[in-house]
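Novice: Next up is a structure, given as structure tokens.
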Amino acid sequence: MEKLKKYLVVAAMALTLVGIFAAHILLPDGEFSSAERRKLAQLPELTMEDVFSGDYFDDLEEYLLDQFPLRDGFRRLKANFQYKVLGLQDNNDLYYADGHLSKLDYPLKPTQAQLAIDKFNAIIAGHPQMNKAYYSLIPDKNYFLAEANGYPAMDYAALLQQAEGIHAEYIDIFPCLTIDDYYATDSHWRQEKIGKVAQKLAHAMTGIIDDVSDYTAESRDGFRGVYHGQSALSLPGETMTILRSDVTDAAKVFSVEQNKEIGVYNWDDFNNLDPYDVYLSGAEALLTIENPLQSNGRHLILFRDSFGSSITPLLMEYYSRITVVDIRYMASSLLDEYVDFTDADVLFLYCTSMFNAGATLK
């Protein structure tokens, strides 16, 4: 009987291996992981040069791992095993604390931060015709979660001190935010939670303290942020909300990159790989926004990362015109071809995590 059990175990193992091998051969290779939001490795070309250098086998290993049958199921099993059985605190630098997923980002990289600071200062120095320059830092989720839950975090005090080298007026929005103002499965803030941030920025730049517009909230369920798929954990979807007003409905938004007018919001983009594209179509190098309901003639040039997509609609009521620039996708040397700085307010609004990747700014 014991011998039969051993044979059955061996046979089951052999069938499993054969089944996995057959599935690997028969199933078509995937090109993109929607859960991880990245391209999957493809079968590398076999060349003698790569074989002798070892590159071929490294690429082959990456391909086999990316194209493994039932890969997402095994990723979910691994993640739950590491968190719940082994008691590990993070999985691929992602951790779960206080009901939120976040990604470790430490230590502070002063050389990268300085690259961003130097880029901002060059833009400021090169455009003396502007009205005034401002900057503000958006705390990433680790600011609220990491040290409070025993995880390492960048030195935010050191970053804020280093950022004082930006030749612009600082607007402190840290006190305006808590962890509940961010999505649980994503890095971004919730638009319906950042009205107080928009008011703080607008008041500092314009002096306007009047009541803000009346907004109508529209929501969709099923939002799953970037960390949801990367973590491979089974977490519930969230509700995404947009805030509409007469201003956002009347605004004219033009995408220079797409060479066409786009909407302030587009629910069709909720089905994109990144549902956050609902706000101003997500990653756009250059947008011009005209507000026909505001006649004060004010112009704001907003240099931003992805957080800027959702707060820009809340700043529209304060300006006749807003130019939204993302120098991760547009070289700053091209600014004068597309942007008029004359008498404009200029705001550099970036998440703290971007300063650890300052080289991404062009």
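Values quoted throughout were computed directly from the atomic coordinates according to the rules given, and no laboratory measurement underlies them. Everything numeric here is computed off the predicted structure, so don't read it as measured data. Using ideal geometry, Cβ is built from the backbone for each residue, glycine included, and neighbour counts are taken over all protein chains shown.
Novice: Would you tally the net charge around Tyr182, using a Cβ to Cβ cut-off of less than 15 Å, leaving Tyr182 out, and scoring K and R as +1, D and E as -1?
Specialist: Residues close to Tyr182 contribute a combined charge of -3.
Novice: Please compare each pair in Lys141/Lys200; Lys196/Lys252; Lys141/Lys252; Lys196/Lys260; Lys200/Lys260 to a cut-off of 30 Å on the Cα-Cα distance and tell me which ones are over it.
Specialist: Lys141/Lys252; Lys196/Lys260; Lys200/Lys260
Novice: Now a separate question. Stretched out fully, how many nm does the piece from Asn272 to Lys362 gain, at 0.36 nm a residue minus the Cα gap?
Specialist: In short, 29.8 nm is gained.
Novice: Related question: All other residues with a Cβ under 11 Å from the Cβ of Cys351 taken together, and with Lys, Arg as +1 and Asp, Glu as -1, what is their net charge?
Specialist: -1
Novice: Just how large is the dipole of segment 100-360 about the Cα centre, in debye to the nearest 20, putting +1 at every Lys and Arg Cβ and -1 at every Asp and Glu Cβ?
Specialist: Its charge dipole is roughly 400 debye.
Novice: Still on this structure, please answer the following. Given 0.36 nm per residue, what is the gain on full extension from Glu337 to Thr178 after removing their alpha carbon distance, in nm?
Specialist: In short, 53.3 nm is gained.
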